[in-house]
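Report on the following structure.
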Amino acid sequence: MRHLKIYLPLVFLILSCSAQGGEGTAAFDTHTVKEYSVFLSTETSGFVGTPVRIKAAGGGLYFSDVGFRRIFKTDSGGDKLLSFGSQGRGPGEFESPTVFWVFDDNYLVYDYNGFKFITYDHQGELVEEKVVSNNPINPDGFPPNIPITVAAISPDELLIPSRGRDGSLFAIADIKTGDLKYAGNAIGEHVESFDSEEVDQAFSKGEIPAIFINMVALAGSSSGIYSFQQTTGILEKYSRSGDPGWEKNLVIPEQHDLFDRVARRNRSLDRNTESHHLFNYAKAIDASEEGVAVMLNMPEEYPVTVAWVPKEGDRMDVVTIEGLDQEEIGFLGSFSVSPSDSKIYFLNIRQGLIYEADWPV
């Protein structure tokens, strides 16, 4: 079934100009996209239930769906090419197929509630699965569990935020051999455990809780590992073995008072009915062979905005999707860029919508 496209009554436009950020901010080019469309929806596509994560690939899109408990692949027109997986606790089955990764020879799916990683070939057939509920990486130490923010650079190698442990930002963990390597330089002291009372007190004072100082968003591809420091706005690239490469400040002028706004809001919240806002400069990160995209956490009056840095780290582009409200994508929202197809996709989880727009970079 062909999908239904809904276009804004605007003509596609790209505005490209040179912009100079404030102190400590790199120069960048800006682009405004004035048209986007619904690529897939629960109303128009019978195989879309409750999509929770998307990933662009050459000529199409993948998404995980907790409604159907499956992973789906479509072509660039939105027609289904492949689906695999099923609900259950047996081999190749999952309870909550949330995060997944597409590699050259296979797929890797993380079943968060099933505590396991499942590898499939490109036909969707089970290759193997690894249960991680008893922490096979390091039973006596880090990590105490696998967080939902885990990333992967191969079916065996995970990227896990380390929260400053051993002076690092993240760890590269081999779930087959148990090898563990720390990488990156911590911003603050390591905090071992989450203390909800301390966290609430810090938020209520308009401060960043100590346990969140070293928080990073992680992504990887065959060209390397990308780590975005949430409390500084610094994007770093590492080799796949964790050796440091380049770094770039992604904070743009429109974000310069972002943390002041978060602090004021957190100080004024009614903790019985409202949730604190995090001190994060980004909502999500997505890496491809060509580079890395970061969906920026913007003040609420701004639309969805994405920073793009190619793998060489030699420039930065900022793309605004005019008319696409940040609330539609949500916090820690899923998005994905396909430079080869010149497309960017966004997921509206609450409404079961996947949007597409032309990618101007």
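Which one of 241, 275 is assigned to a loop (DSSP other than H, G, I, E, B), touching a residue at least 40 places away in the same chain (Cβ under 8 Å), open to solvent by 20 Å² or more (accessible area, probe 1.4 Å) and farther than 29 Å from residue 360 by Cβ?
241
Residue by residue, here is whether (1) open to solvent by 10 Å² or more (accessible area, probe 1.4 Å); (2) among the basic types (Lys, Arg); (3) in contact with a Leu (Cβ under 8 Å, 6 or more places away or on another chain); (4) over 25 Å from residue 238 (Cβ atoms) holds:
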position: 289; (1), (2), (3), (4): yes, no, no, no
position: 299; (1), (2), (3), (4): no, no, yes, yes
position: 309; (1), (2), (3), (4): no, no, yes, no
position: 313; (1), (2), (3), (4): yes, no, no, no
position: 334; (1), (2), (3), (4): no, no, yes, no
position: 344; (1), (2), (3), (4): no, no, no, no
position: 361; (1), (2), (3), (4): yes, no, no, no
Residue list for segment 178-210, restricted to those being over 23 Å from the mean Cα position of the chain (by Cα) and among the hydrophobic types (A, V, I, L, M, F, W, C): 191, 199, 202, 203
Residue in segment 188-206 that is more than 25 Å from residue 165 (Cα to Cα), out of contact with any strand residue (DSSP E or B) (no Cβ under 8 Å at 6 or more places or on another chain) and of a type in the set (A, V, I, L, M) present: no
Counted residues, segment 61-82 - those being farther than 24 Å from residue 330 by Cβ and either aliphatic (A, V, I, L, M) or surrounded by 21 or more Cβ atoms within 10 Å (Cβ to Cβ) (or both): 2
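The values are calculated or read from the model by the stated rules, or taken from the named source; none is laboratory data. It should be emphasised that the depicted structure is a prediction, and the values quoted were computed from it without experimental measurement. Cβ: placed from backbone, ideal geometry, glycine included. Neighbour counts: every protein chain shown. Ligands, DNA and RNA are stripped out before the accessible areas are found, and what is left, the full protein with its side chains, is counted by its heavy atoms. Shrake-Rupley method; radii C 1.70, N 1.55, O 1.52, S 1.80 Å.
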